[in-house]
Amino acid sequence: MSVTVDAVAGKATRREWIGLLILSIACLIYSMDLSVLFLAMPAIVADLDPSATQLLWINDIYGFMVAGFLVTMGTLGDRIGRRKVLLIGAFFFGAASVFAAFASTASMLIVARALLGIAGATIAPSTLSLVVNLFRDEGERNRAISIWGTAFALGGLIGPLIGGLLLQYFHWGSVFLINVPIMAALLASAPFLLPEYKDENAGRLDLASVALSLLTVLPIVYGFKKMAAEGFEPIQLAPILFGLVVGVIFVKRQKQLEHPMIDLALFRIPAFTASLMVNLAGVFFIFGIFLFQNLFLQLVIGLTPLKAALWSVPSSLVFTVMSFQAWRVTNRLGPVRTVLLGLVVNALGTGLMAIAAWHSSLVGVLGASMIMGLGFVPVILTTTGLIVGTAPPERAGSASAISETSAEFGGALGVAILGSIGTLFYRFGMQNADLTALSASDRDSVTAALGTALEVARSTGNEAAPWIEMAKASYAGGFALCCALATVTLLLLAAIASQVYARTELDESRIGGH
């Protein structure tokens, strides 16, 4: 059975809302798979005995494959049908989950995680573009996108909790098997609840463009992830530059094709480009700052990982609740005012975070993170709605994929670049530390990063040494600098975005509609 899309905007029925529930559960599972593996790693290491390199790929390959295939899957949905791509992806996601659960070697698990990532890349763009098809009324669509975003937030929040519960009683493979009944329910219900939509004039998918898109995205994401994990080294620029060069070739090919993989005309829509820019910047700063925050709570304040997680619950709840309620803000203020006000509130949060970090205030940092959530969530969900809403209906899948890919890039860039800035500030702050009592190798470790400095202090019995406080202050200073940089950038971005939105041909009553 195929549900047709009514061309006339109208109120959604119970069937559309149930369809949204199914899509949201699929998004929750997709999001959970980004984090659920962390708690299972000790059991996987004991069972499969992976090498250090294999362990790295078990963790990272899922995110790499998702990032690499988002554009391909979003564009494929426009061509052959978004519901069809979602169902194909759901089937292979369930099958790959079984494969991962019963993997008997580290290599098998890496392959299974790669397949999960490719299948997972169908979920975000397909579900978002189908939300646009299901909800033709702008107010209802804003609410639906909020619920869609809440599913992603909940997935990241409850993934470790569900994983921990399963690992308490079952084999580590159980963290993958929970995907199977959810995907089975999606396969059974989607044909009756979800509309099919495709561009009848889209043409064939250009396989050369697919290869070029992969060779653009994967090396860039890989380079920035290596930079974030290991600190900046010139060699890490090689994959990034390679990806950028291939990206130029990809763009030139799109201009030559009658049916391009990505319609570059989308970027000539002012509201689309401004929203994409704001979306990427928001994710850039939130990922980078929260990485600092998590380490700050443990390394500077001295909390255990469990206590740090418990102290972070209030801000996580703000993000989750705000995701569910953001549609009210958007519907009341309108999308443009919501984005601009959200950027200012987010900037206020990062400014307060800078002050709290400089003074090493636990309560200040956690309070600032809640204010950031109040501003960030409406911005990210509203700009997501603007990105898909300002695109022509036949390009919604491609626009959704561009939105998700920009978020992947934003997260990787934020962690890598802000992390590198913080590391440089830390090393600068440690230049005058008195480390004469340490060996040369220990001095290198102390000046490299706060984490290794604390390890040296514990191993050498120097936990009361003056340079410990200097190291903590240097880390806090780097954290504060990155937050201050975020504040200035977000305010400038609000000023630029307001001008772009003001010049767009779409008045505010039409932005976000078709």
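The values are calculated or read from the model by the stated rules, or taken from the named source; none is laboratory data. Note that the structure is a prediction, hence the values are computed from the model and not measured. Methodologically, a virtual Cβ is constructed for each residue, glycine included, from the backbone with ideal geometry; neighbour enumeration extends over all protein chains shown. Please note that ligands, DNA and RNA were not included when accessible areas were found on the heavy atoms of the full protein model with its side chains. Shrake-Rupley method; radii C 1.70, N 1.55, O 1.52, S 1.80 Å.
Helix 450-460 and the long axis of the chain differ in direction by around 30°, with both axes built from C-alpha atoms.
When all C-alpha to C-alpha distances in the chain are sorted into bins of 20 Å, what percent of pairs does each bin hold, rounded to whole numbers? Once binned at 20 Å, the Cα pair distances of the chain give 22, 56, 20, 1. Averaging the Cα positions of each part gives two centres, and for region 434-481 and region 251-326 these lie 31 Å apart.
Accessible area per residue for region 18-177 in Å², computed with a 1.4 Å probe and the full protein assembly in place, what is it? Write down the numbers at each step before the final one.
Values: 5270 Å² over 160 residues.
The answer is 33 Å² per residue.
Apply 1/(1 + (r/R0)^6) to the Cβ-Cβ distance of L161 and H359, taking R0 = 41 Å, and write down the FRET efficiency to the nearest 0.05.
Working: r = 32 Å, r/R0 = 0.78.
Result of the calculation: an efficiency of 0.80.
Stretched out straight at 0.36 nm per residue, the stretch from V98 to D137 would grow longer than its current Cα-Cα span by 10.1 nm. Mind giving me the FRET efficiency for L237 and Q431? R0 is 35 Å, r the Cβ-Cβ distance, nearest 0.05 is fine. For L237 and Q431, the calculated efficiency is 0.90. Within the same chain, lysines fewer than 8 places from K225 are excluded, and of the rest, those with a Cα less than 29 Å from its Cα are K252, K307, K472.
Rounded to the nearest 10 degrees, the inclination of helix 123-134 to the longest alpha-carbon principal axis of the chain is 40 degrees.
Every Cα-Cα pair in region 88-173 was counted, and those over 21 Å apart are 47% of them. Taking 23 Å as the straight-line reach from the Cα of K198, the lysines in range (excluding those fewer than 8 positions away in the same chain) are K11, K84, K255. Per-residue Karplus couplings for region 264-270, computed as 6.51 cos²θ - 1.76 cosθ + 1.60 with θ equal to phi - 60°, are listed in order as 5, 5, 4, 6, 8, 8, x Hz, Gly and Pro entered as x. Taken as Cα centroids, region 83-138 and region 397-413 sit 17 Å apart, rounded to the nearest whole angstrom.
Treating only the Cβ atoms of Lys and Arg (+1) and Asp and Glu (-1) as charged, compute the dipole magnitude of the chain about its Cα centre; round to the nearest 20 debye.
840 debye
Annotation: extensible slack from V313 through T53 equals 90.3 nm (criterion: 0.36 nm per residue apart, minus Cα-Cα distance).
Projecting the Cα atoms of I118, H171, G422 onto the charge dipole of the chain (Cβ charges, centred on the Cα centre) puts I118 farthest toward the positive pole.
Per-residue 3J(HN,Hα) values for region 274-282, derived from phi via the Karplus relation 6.51 cos²θ - 1.76 cosθ + 1.60 with θ = phi - 60°, read 4, 5, 5, 4, 5, 4, 5, 5, x Hz in sequence order (x marks Gly and Pro).
Going by alpha carbons, how many degrees (0 to 90, nearest 10) lie between the helix axis of 207-230 and the longest principal axis of the chain? For helix 207-230, the angle is close to 20 degrees.
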